[in-house]
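Worksheet: the structure to be examined is printed underneath.
Each value in this text was obtained by applying a stated rule to the coordinates, not by laboratory testing. Note that the structure is a prediction, hence the values are computed from the model and not measured. Heads up, the Cβs are rebuilt from the backbone with ideal geometry, glycines too, and the neighbour counts pull from every protein chain shown.
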Amino acid sequence: MNRTKNLLIAAVLSAFAAVAAAKNVPTNVPWETVVADLSKQGSLQGIELRFGSASAQGLNLSGSVAFQHKEGAFPDNNRQVPTDEVLCRNALKQVLIRAVEQARARGANAVVGIISQVGKNRQDSPANAECRSGLSGTVAGISAHLAVLP
């Protein structure tokens, strides 16, 4: 009886692990929607954002940054589970806010060469960011350079 119970528990846990691992999908969001949200919030004040690694070429770079943030897939106040796109936008806002804070702290007025990167998944696009979405939430990451623009 005890052995059967243990086997049943092991089978349930294995099935749950397989389902949890099954969702690791890309979620793409336009950078412009994230920047529009940050602008409305007043989070950018005086810091310019430029996307894609090519946007850093030929500039006076003063450092590099990399950040990741995970937004949990938990229901909001209306008991609605947010979509992967909403979670991705929220996670991207958080990593960009951290990059802007670092730019201010280091005397830079721009964050340039911004690419989205989560683990081995890298998207070098001036138009879109990629997050990775799973059952427990969505992860966004960026790597970028700080710069002083004239």
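Restricting the stretch 75-107 to residues that are among the hydrophobic types (A, V, I, L, M, F, W, C) and without any contact (Cβ under 8 Å) to a residue 40 or more places away in the chain, the residue that is farthest from HIS145 (Cα to Cα) is VAL81.
Hey, can you tell me all the residues within the stretch 31-46 that are touching a helix residue (DSSP H, G or I) at 6+ places or on another chain (Cβ under 7 Å) and aromatic (Phe, Trp, Tyr)? Walk me through it before giving the result.
Quick first cut of the stretch 31-46, residues touching a helix residue (DSSP H, G or I) at 6+ places or on another chain (Cβ under 7 Å) only: 33-34, 37-38, 43-44.
Of everything in the stretch 31-46, nothing turns out to be touching a helix residue (DSSP H, G or I) at 6+ places or on another chain (Cβ under 7 Å) and aromatic (Phe, Trp, Tyr).
Within the stretch 100-114, take every residue that is touching a strand residue (DSSP E or B) at 6+ places or on another chain (Cβ under 6 Å) and of a type outside the set (D, E, K, R) and give me the one that is surrounded by the fewest Cβ atoms within 10 Å (Cβ to Cβ). Filtering the stretch 100-114 for residues that are touching a strand residue (DSSP E or B) at 6+ places or on another chain (Cβ under 6 Å) and of a type outside the set (D, E, K, R), the one surrounded by the fewest Cβ atoms within 10 Å (Cβ to Cβ) comes out as GLN102.
Would you say ILE115 is in contact (Cβ under 8 Å) with a residue 24 or more places away in the chain and more than 18 Å from GLY42 (Cα to Cα)? Talk me through it step by step, then tell me what you get.
Values: in contact (Cβ under 8 Å) with a residue 24 or more places away in the chain: yes; more than 18 Å from GLY42 (Cα to Cα): yes.
Considered against the rule, which asks whether it is in contact (Cβ under 8 Å) with a residue 24 or more places away in the chain and more than 18 Å from GLY42 (Cα to Cα), ILE115 comes out as yes.
I need the full set of residues from the stretch 23-67 which are part of a loop (DSSP other than H, G, I, E, B), more than 13 Å from VAL112 (Cα to Cα) and under 19 Å from the mean Cα position of the chain (by Cα), in order please. If you could, list the steps in order and put the result at the bottom.
Looking only at the stretch 23-67, we keep the residues that are part of a loop (DSSP other than H, G, I, E, B), and these are 23-24, 42-47, 52, 57-60.
Add one more test, that the residue is more than 13 Å from VAL112 (Cα to Cα), and what stays is 23-24, 42-46.
Answer for the stretch 23-67, where residues must be part of a loop (DSSP other than H, G, I, E, B), more than 13 Å from VAL112 (Cα to Cα) and under 19 Å from the mean Cα position of the chain (by Cα): LYS23, ASN24, SER43, LEU44.
Restricting the stretch 68-90 to residues that are assigned to a helix (DSSP H, G or I) and out of contact with any Cys (no Cβ under 6 Å at 6 or more places or on another chain) leaves a set whose member that is nearest to GLY113 (Cα to Cα) is ARG89.
None of LEU59, LEU92 is hydrophobic (A, V, I, L, M, F, W, C) and crowded, with 20+ Cβ neighbours inside 10 Å except LEU92.
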